[in-house]
1. Using unit Cβ charges (K, R positive; D, E negative) and no other charged atoms, how large, in debye to the nearest 20, is the dipole of the stretch 77-119 about its Cα centre?
2. How would you classify the stretch 18-125 from its alpha-carbon gyration tensor, with a ≥ b ≥ c the square roots of the eigenvalues: rounded for a/c under 1.5, else prolate if a/b is greater than b/c, otherwise oblate?
3. Compute the signed sum of charges (Lys and Arg +1, Asp and Glu -1) over the other residues within less than 13 Å, Cβ to Cβ, of Ile47.
4. Could you give the length gained on full extension between Val105 and Val119, defined as 0.36 nm per residue of separation minus the Cα-Cα distance, in nm?
5. Whose amide H sits under 5 Å from the amide H of Ile47, counting only residues 5 or more places off or on another chain, with H placed in the peptide plane?
6. Starting from the Cα-Cα distance between Glu44 and Ser93, subtract it from 0.36 nm times their residue separation and give me the gain in nm to one decimal.
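Derivation of every value follows stated rules applied to the coordinates shown; laboratory data play no part. Because the structure is a prediction, the values reported are computed rather than measured. Here the Cβ is made from the backbone with ideal geometry for all residues, glycine too, and neighbour counts use every protein chain on show.
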Amino acid sequence: MFNSSRKETRNGASAECTSLIAAGTQIRGDVQFTGRLHIDGKVEGSIRAEDGDAVLTLSNQAQVVGEIVAPHIVINGAVNGDVTAGERLELASNARVEGNVYYKVLEMSAGAQINGKMVYRAEPPRQLAGPGVEDAARA
């Protein structure tokens, strides 16, 4: 009856909830989301995730004209714009991307197409503590 395994995001929304932009639906404007977003329709505008656990899925019917930025992205449709996956990008066999792709981990199926640059983004360099910093922290 009650599912205690649901993750809560910082604004109280459940990360397990999925929003849907259904086939036949067309959105003109920017989309910001938390949790999961599944797109079967068309979006003309940028799509941005607001949390670090967000997942964006584009079905084979989906069309996006604009920039996409999210930690985990699964594409099986058409994108005309840059794609930035903070953690993982999965390109299924029907994926068509007209734009640059920025990724940390990439999984690409046979048949997927990218017309743009593919740029690997490693983790940002970590700042090491300098000498004397530990001594100040202990005091």
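1. 60
2. Numbers: a/c = 1.63, a/b = 1.21, b/c = 1.34.
Verdict is oblate for the stretch 18-125.
3. -1
4. Stretched out fully, the Val105 to Val119 stretch lengthens by 4.0 nm.
5. Correct list: Val31, Glu67, Ile68, Val69.
6. The Glu44-Ser93 span can extend by a further 15.4 nm.
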